[in-house]
Structure formats: structure tokens, C-alpha cells
Amino acid sequence: MKKHKVTICTGTACFVMGGSELLLLEEQLPGDLMAITEIEGSPCSGICNRSEYEGTQADHAPFAQVDGKIIEQASAQKIIDCLRELEAESQGLNYA
């Protein structure tokens, strides 16, 4: 079974906007997702430096990535929803 990689930005803006709490994501994961999810922090993902976020970084932070998919204003629930969606897709199911 493929593991999903969750990368949480812990750069200054993301850390103070909620990234610090996201580092505790493992405690909030449902049991079925725990075994297939790898969580890591990143000193700064650099996502907020992209032109589409210029001047509005704080409006979009914290950032996280799930298997490379960017999640803005990341929360534990948004990450869990993304993991569920990816699992459904890998099993050929439609998750809505």
C-alpha cells in the first residue's frame, strides 16, 4: 500500500498562522489513515513566494502539501479530506 506524504510548512508565516498545530496532525488522523500517511515539517516550502501569493501570503497561510498537492489555509480537516480523496481515487471510487 502506497504511503501518502504530508509536508507541513513551518516557515515563520505558516508557523504562526497554524502550521505549528498541524505538526500534531498525527494525533488527529483517523486510524485507517495513520498507517498510510507520513508527516514531515519543512523549514519553508517557499510556496508563499510564488507570484500568485505576492503580498497576500498571510491570507493563504499555513500551507501544506499532500503528495505534492498544495493546500492553502491548511487545517487538519482539509488535510484529512485530501487524504480521503486520494485514497478514493487510488481505489477507483468517487469521493465527494
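Miscellaneous remarks
Conditions tested, residue by residue: (1) over 18 Å from F15 (Cβ atoms); (2) outside any helix (DSSP H, G or I); (3) at pLDDT below 95.
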{"site": "C44", "(1), (2), (3)": "no, yes, yes"}
{"site": "C48", "(1), (2), (3)": "no, no, yes"}
{"site": "D59", "(1), (2), (3)": "no, no, yes"}
{"site": "Q73", "(1), (2), (3)": "no, yes, yes"}
{"site": "Q77", "(1), (2), (3)": "yes, no, no"}
{"site": "D81", "(1), (2), (3)": "yes, no, no"}
{"site": "L86", "(1), (2), (3)": "yes, no, yes"}
{"site": "E89", "(1), (2), (3)": "yes, no, yes"}
{"site": "N94", "(1), (2), (3)": "yes, yes, yes"}
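Residues checked against (1) surrounded by 14 or more Cβ atoms within 10 Å (Cβ to Cβ); (2) β-branched (V, I, T); (3) touching a residue at least 24 places away in the same chain (Cβ under 8 Å):
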site: I8; (1), (2), (3): yes, yes, yes
site: C14; (1), (2), (3): yes, no, yes
site: M17; (1), (2), (3): yes, no, yes
site: L29; (1), (2), (3): yes, no, yes
site: D32; (1), (2), (3): no, no, no
site: T37; (1), (2), (3): yes, yes, yes
site: C44; (1), (2), (3): yes, no, yes
site: C48; (1), (2), (3): yes, no, yes
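- Looking only at the range 1-19, residues that are in a helix (DSSP H, G or I) and either among the β-branched types (V, I, T) or out of contact with any strand residue (DSSP E or B) (no Cβ under 9 Å at 6 or more places or on another chain) (or both) come to 5 in all.
- Among the residues of the range 74-86, those that are within 18 Å of G19 (Cβ to Cβ) and in contact (Cβ under 8 Å) with a residue 24 or more places away in the chain comprise A74, S75, A76, I79, I80, L83.
- Residue count, the range 22-42 (criterion: hydrophobic (A, V, I, L, M, F, W, C) and farther than 20 Å from E72 by Cβ): 5
The values are calculated or read from the model by the stated rules, or taken from the named source; none is laboratory data. In this text, all values refer to a predicted model and were calculated from it rather than measured experimentally. With ideal geometry, Cβ positions are generated from the backbone for all residues, glycine too; neighbour counts draw on all protein chains shown.
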